[in-house]
Amino acid sequence: MNVSINWLSALLDIKLDPDDVAHKLAMLGAPVEAIEPVHQNLAGIIIVEVERVEQHPNADRLTLCHVNNGTEVVEVVCGATNVQAGKKYPYAAMGTVLPGGLEIKGRKIRGIRSNGMLCSASELELGTDHEGILELDTDAPAGTPLLDALPIGDFCLHVEVTPNRPDLLCHKGVARDLGAVLRRPVKLPPIPGDPGDSHAPVQTKKSGVVGGVEVTLEDVEGCPRYLAAVIEGVTVGPSPDWLQARLRSIGQRPINNVVDATNYMLFEVNQPMHAFDRAKLRGPKIIIRRGGESETLTLLDGEERTVDSTVTAICDAEHPVAIGGVMGGRDSEVSQQTTDVVLECAYFDAKRIRATRKAMKMSTEASYRFERGTDLQGMADAIQRAVRLIIAVAGGTEAGPPVDLYPKPVKTPAIFLRPERVAHLLGVEISQKDIEGYLTSLGFAAGPKNGRLAVHVPGWRPDVAREEDLIEEIARLRGYDSFPTEMRPLRPSSVPSDMAQVTEARVRRVLTALGLNEARTLSLGPAQGKEAQAVLNPLSTEEAYLRTDLIAGLIRSAERNWAVRERNIRLFEVGSVFHAKDGGGMPVEGRHVAGVITGARRPPHWSDGGKYVDFDRWDVKSLFEEAVQAVGAHGTVLEEEGRWVLRDGNGELCGWADEVDADRPAWAARLFGFELDAVAAPKPLIRFQSLPVTPPVERDLALLLPAEVTARQVEEVVARRGGKLLESTRLFDEFRGKDMKGRSVAWRLVFRSPDRTLRDKDVDVVLRRILEELKERLGVERREA
């Protein structure tokens with residue numbers, strides 16, 4: 001949206017600084033992408049009055065003009081034929097640089113010295129006319145800077161407007177937000193030559209007559225409200241300078257006074273309008289209906305379009321004359337010969353306009369606004385101002401009150417706002433008086449009712465539909481930077497958090513604390529075994545299956561890091577994996593955590609002599625154990641077939657850690673990885689337990705395990721037979737000898753009683769019980785020193 005600083009200043013009746021406006025709009029949620037100067041390069045141009053015009057003595061097609069520049073009369077040689085004595089024109093003195101880069105210098109033309117130059121509209125980039133000198137209709141005295149006399153010096157702000165804020169697609173909407181911050185009221189600027197009050201529209205259901213034109217509304221769904229006015233006796237021609245300057249300041253090209261007036265209303269109050277030539281309407285009638293079979297229409301852009309039943313068409317007695325909400329037709333457009341104008345002001349269904357615009361592959365300023373929503377309640381005021389504007393710039397008279405077809409009037413919705421809800425969401429207490437002040441400054445009507453605020457939403461804010469939307473408006477005006485930045489206690493409801501999310505958050509916290517970076521890899525990839533679920537419409541052959549594990553994606557991430565010479569890699573991921581379901585159907589989804597590490601165990605330091613100490617299998621075992629503990633899985637990480645594994649109570653594999661294969665360059669260290677089912681049993685609630693006041697008794701127990709016996713089986717027996725006196729068990733050593741059958745595994749057992757000091761004989765009884773069951777059930781014996 002292009003916004004003129006001069007236009008905003010007129011609406012707020014205050015001089016605005018473009019940089020300050022850009023900052024304030026950004027803080028209000030409408031950032032300014034660029035600030036473009038408009039005609040600021042005309043600062044050196046002044047207004048002069050021509051006192052007399054003489055024929056150049058040495059040229060038939062040149063004149064010698066005696067120009068009063070406010071301080072003296074100078075001679076200027078001119079080739080234009082429209083310069084007259086007593087008229088005022090723009091003048092560039094010697095040394096002035098014109099917008100095109102031309103520097104004016106005093107020089108002789110056919111023997112006569114020309115002191116400066118009288119300028120045309122094209123030379124000042126104020127129009128396309130280059131045949132004659134630009135004549136100025138102003139009371140400003142000679143010597144006045146052109147930018148002081150004419151409102152053409154401006155700044156254009158390119159404002160980024162989000163789709164949910166259609167009210168910011170006009171100057172009044174932007175001024176309304178600014179006025180709320182600056183504490184300035186928004187008033188529409190007076191119209192030069194305003195004829196005064198116009199007729200108020202007469203509301204009816206589906207038909208009415210105005211100025212001899214019969215208006216009928218048939219497609220109520222596509223056009224809920226339609227207003228029409230007739231202005232007779234207009235004179236179509238160029239718009240006055242002030243209106244052209246307003247449109248040019250935002251990049252719009254002036255066309256004629258009637259069309260410019262409708263465009264002015266669009267950019268001022270966000271109400272698209274269209275003007276028809278009454279003489280070109282058959283009937284004369286206007287019928288708002290759906291398109292019919294085999295109907296076509298040549299639009300203002302010269303393209304012929306089909307008008308079918310999906311389109312809301314504006315028709316006369318015989319055929320369509322406009323596509324509602326998109327563009328008018330060429331056959332009924334206003335031209336130099338037009339004397340009577342039918343002015344349309346309508347509200348069209350956003351979905352219908354969007355579908356029509358897409359089908360016709362065209363977008364206009366009108367369709368852009370109707371798609372997002374215009375002010376259904378402000379249409380009567382808009383058409384009254386538009387009628388006064390057209391009469392002011394094109395003459396004529398209003399042919400009676402406008403007709404207002406409004407079959408199903410919509411009441412302004414009310415939303416109840418609770419001050420305590422405001423404090424709960426924003427984290428700070430805001431008084432009810434301040435809340436009312438913020439909302440009323442934006443045009444909302446707010447008043448207390450049963451301890452709450454009843455807020456009526458204006459028609460220009462279709463995005464405000466619930467209490468939270470009002471709270472967002474309060475936050476915008478108070479200023480997002482005014483809220484405290486620290487995290488505050490929050491519990492949105494009494495429902496406890498999902499344990500799976502709590503577990504995953506704990507895993508992330510633990511692994512990031514250990515120096516790993518979280519990665520997000522694609523859930524699609526190549527086939528990974530028979531359980532891989534194929535995608536029906538894959539993007540590529542490399543992404544044709546749902547992943548069955550996370551480690552493959554992390555390996556590919558490590559390989560991409562190696563490709564850019566990154567040696568030290570620490571990555572983890574918490575994500576979903578998928579397995580094909582037996583018998584078909586949707587795949588089974590599960591949550592896993594996985595990680596990979598490679599490179600130096602710690603950053604290089606001068607004390608190491610510059611040597612790298614790389615990760616090894618024990619490092620990945622340590623990380624794996626931390627992940628197991630964070631997930632809350634039960635069991636001990638054990639070594640099986642050269643890798644570390646974790647099994648559940650049924651012996652099913654639920655995690656592993658080992659060196660992994662990868663496309664590793666020669667200079668890279670080995671890559672280690674782990675993966676674990678993240679939906680293990682959640683950790684039990686942490687309960688307070690006082691520090692022990694009795695001493696522990698520690699015993700190291702070295703056992704000879706047959707080859708088929710696992711450490712987990714031993715620990716289950718120890719825990720069961722150790723009873724309440726056994727406080728903890730920790731495996732700390734493993735030994736394999738050439739002549740040894742099986743292996744030797746050592747545990748440290750800690751015994752403690754909470755209410756007395758244990759004696760050796762108490763512990764010996766427990767140890768004897770443990771050893772007896774180990775030998776009986778597993779064939780495990782104590783290893784003698």
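Quick one: ranking 606, 656 by accessible area, 1.4 Å probe, largest first, what do you get? If you can, show how the numbers build up before the last one.
Values: 606 210, 656 50 Å².
Correct descending sequence by accessible area is 606, 656.
So, with a 1.4 angstrom probe, what is the percent of accessible area on region 75-157 that is carbon and sulfur? Mind dumping the intermediate values first?
Values: 1970 of 4170 Å².
Taking all protein chains in place, region 75-157 shows 47 percent carbon and sulfur surface.
Heavy atoms only, probe 1.4 Å: what % of the accessible area of region 226-355 goes to carbon and sulfur, would you let me know? The partial results should precede the final answer.
Details: 2060 of 4800 Å².
Roughly 43 percent of what the probe reaches on region 226-355 is carbon or sulfur.
With θ taken as phi - 60° and the coefficients 6.51, -1.76 and 1.60, list the Karplus ³J(HN,Hα) couplings across region 380-395 in order, rounded to whole Hz; mark glycine and proline as x.
Each residue's phi maps through the Karplus curve to give 4, 5, 5, 6, 5, 5, 5, 4, 4, 5, 5, 5, 5, 9, 10, x Hz.
Quick one: Karplus J couplings for region 446-461, per residue in order, coefficients 6.51, -1.76, 1.60, θ = phi - 60°, nearest Hz, x for Gly and Pro?
Whole-Hz 3J(HN,Hα) from phi for region 446-461: 10, x, x, 7, 6, x, 10, 10, 8, 10, 9, 8, x, x, 7, 10.
Give the long-range amide H neighbours of residue 445: residues separated by 5 or more places, or on another chain, with amide H under 5 Å away, using H modelled in the peptide plane at 1.01 Å from N.
Correct list: 456.
Going by average Cβ density within 10 Å per residue, which order do the peptides 450-462, 413-425 take, highest to lowest?
Values: 450-462: 17.8, 413-425: 15.5.
Top to bottom by mean Cβ count within 10 Å: 450-462, 413-425.
With a 1.4 Å probe and all protein chains kept in place, how much accessible area does residue 368 have, in Å² rounded to the nearest 10?
Residue 368 has an accessible surface of roughly 80 Å² with all protein chains in place.
What label, among (1) 200; (2) 316; (3) 216, belongs to volume of the Cα convex hull per residue in Å³ computed from the structure on display?
(2)
Cross-link partners among lysines for residue 530, C-alpha distance below 17 Å, same-chain residues fewer than 8 apart left out?
By straight Cα distance, residue 530 reaches 581.
Please give the charge dipole size of the chain, origin at the Cα centre, charges +1 on K and R Cβ atoms and -1 on D and E Cβ atoms. Round to the nearest 20 debye.
Details: 99 positive and 114 negative charges, 521 e Å.
Using only the charged Cβ atoms, the result is roughly 2500 debye.
Could you rank 75, 398, 784, 473 by how accessible they are, 1.4 Å probe, largest area first?
On the way: 75 70, 398 35, 784 140, 473 5 Å².
Solvent-accessible surface, decreasing: 784, 75, 398, 473.
Which distance in Å, rounded to a whole number, links the C-alpha centroids of region 1-44 and region 349-379?
Cα centroid of region 1-44 versus Cα centroid of region 349-379: 27 Å apart.
Quantify how much of the Cα-Cα distance distribution of region 249-303 extends past 12 Å, in percent. Intermediate results must be reported in sequence, preceding the final value.
On the way: 1153 of 1485 pairs.
Value for region 249-303 (Cα pairs over 12 Å): 78 percent.
Among 109, 174, 121, flag the residue with its Cα farthest along the positive direction of the charge dipole of region 92-248, charges on Cβ as +1 for Lys/Arg and -1 for Asp/Glu.
The listed residue farthest towards the positive side: 109.
With both bridge residues required to lie in the chain, what share of the DSSP beta bridges run antiparallel, to the nearest 5%?
Values: 132 of 141 bridges.
Bridges in the chain are about 95 percent antiparallel.
Determine the distance separating the Cα centre of region 707-740 from the Cα centre of region 191-210; give it in Å without decimals.
95 Å
When the helix-only estimate is applied to the chain (DSSP H runs of n ≥ 4, each -39,500 (n - 2.57), divided by the residue count), what is the mean residue ellipticity at 222 nm, nearest 500 deg cm²/dmol?
Working: 17 runs with 195 residues, N = 785.
Here the helix-only value at 222 nm equals -7500 deg cm²/dmol.
Skipping prolines and chain starts, which residues have an amide H placed within reach, meaning under 5 Å, of the one on residue 644, given they are 5 or more residues away or on another chain?
The answer is 657.
Not counting ligands, DNA or RNA, and with a 1.4 Å probe, what is residue 156's accessible surface area in Å² rounded to the nearest 10?
0 Å²
Over region 1-120, average the accessible area per residue using a 1.4 Å probe and give it in Å², no decimals.
On the way: 5900 Å² over 120 residues.
About 49 Å² of surface per residue is accessible.
Return one number: the angle in degrees, 0 to 90 and rounded to the nearest 10, between the long axis of the Cα atoms of helix 171-182 and the longest principal axis of the Cα atoms of the chain.
Tilt relative to the chain: about 60 degrees.
Probe radius 1.4 Å, ligands and nucleic acids ignored: give me the carbon and sulfur share of the accessible area of region 450-559 as a rounded percent.
Taking all protein chains in place, region 450-559 shows 54 percent carbon and sulfur surface.
Whole-Hz Karplus ³J(HN,Hα) for region 556-572, in order, using 6.51 cos²θ - 1.76 cosθ + 1.60 and θ = phi - 60°, x for Gly and Pro?
Along region 556-572, the couplings run 5, 5, 5, 5, 5, 5, 4, 5, 10, 6, 8, 8, 9, 10, 9, 10, 9 Hz.
Please calculate the 1.4 Å probe accessible area of residue 87, with all protein chains present, and give it to the nearest 10 Å².
Approximately 70 Å² for this residue.
Assuming 0.36 nm per residue, please report the length gained on full extension of the stretch residue 482 to residue 425 beyond their Cα-Cα distance.
Details: separation 57, 0.36 × 57 = 20.52 nm, distance 1.45 nm.
Between residue 482 and residue 425, full extension yields an extra 19.1 nm.
Given +1 on the Cβ of Lys and Arg, -1 on the Cβ of Asp and Glu, and no further charges, what dipole in debye does region 553-596 carry about its Cα centre, rounded to the nearest 20?
On the way: 7 positive and 5 negative charges, 50 e Å.
My answer is approximately 240 debye.
Suppose all protein chains stay in the model; what accessible area per residue would a 1.4 Å probe give for region 391-527, in Å²? Working shown, then result.
On the way: 7650 Å² over 137 residues.
Heavy-atom accessible area per residue stands at 56 Å².
How far, in degrees from 0 to 90, does helix 760-778 lean away from the longest principal axis of the Cα atoms of the chain, to the nearest 10?
Computed tilt is about 80 degrees.
Compare the Cα positions of 50, 390, 364 along the charge dipole of the chain (+1 at Cβ of Lys, Arg; -1 at Cβ of Asp, Glu; about the Cα centre) and return the one farthest towards the positive end.
364
Quick one: dipole size for region 25-130, taken about the Cα centre, charges +1 on Lys/Arg Cβ and -1 on Asp/Glu Cβ, in debye to the nearest 20.
Working: 9 positive and 12 negative charges, 96 e Å.
With only Lys, Arg, Asp and Glu charged at Cβ, the dipole is about 460 debye.
Taking amide H atoms as placed 1.01 Å from N in the peptide plane, list the residues 5 or more away in sequence, or in a different chain, whose amide H sits under 5 Å from that of residue 48.
Answer set, sorted by chain and number: 89, 91, 143.
The values are calculated or read from the model by the stated rules, or taken from the named source; none is laboratory data. Just so you know, these numbers come straight off a predicted model, no measurement behind them. Neighbour counts run over all protein chains shown; Cβ positions are idealised from the backbone, glycine included. Note: accessible area is taken over every heavy atom of the protein model, side chains too, but ligands, DNA and RNA are not part of it. Shrake-Rupley method; radii C 1.70, N 1.55, O 1.52, S 1.80 Å.
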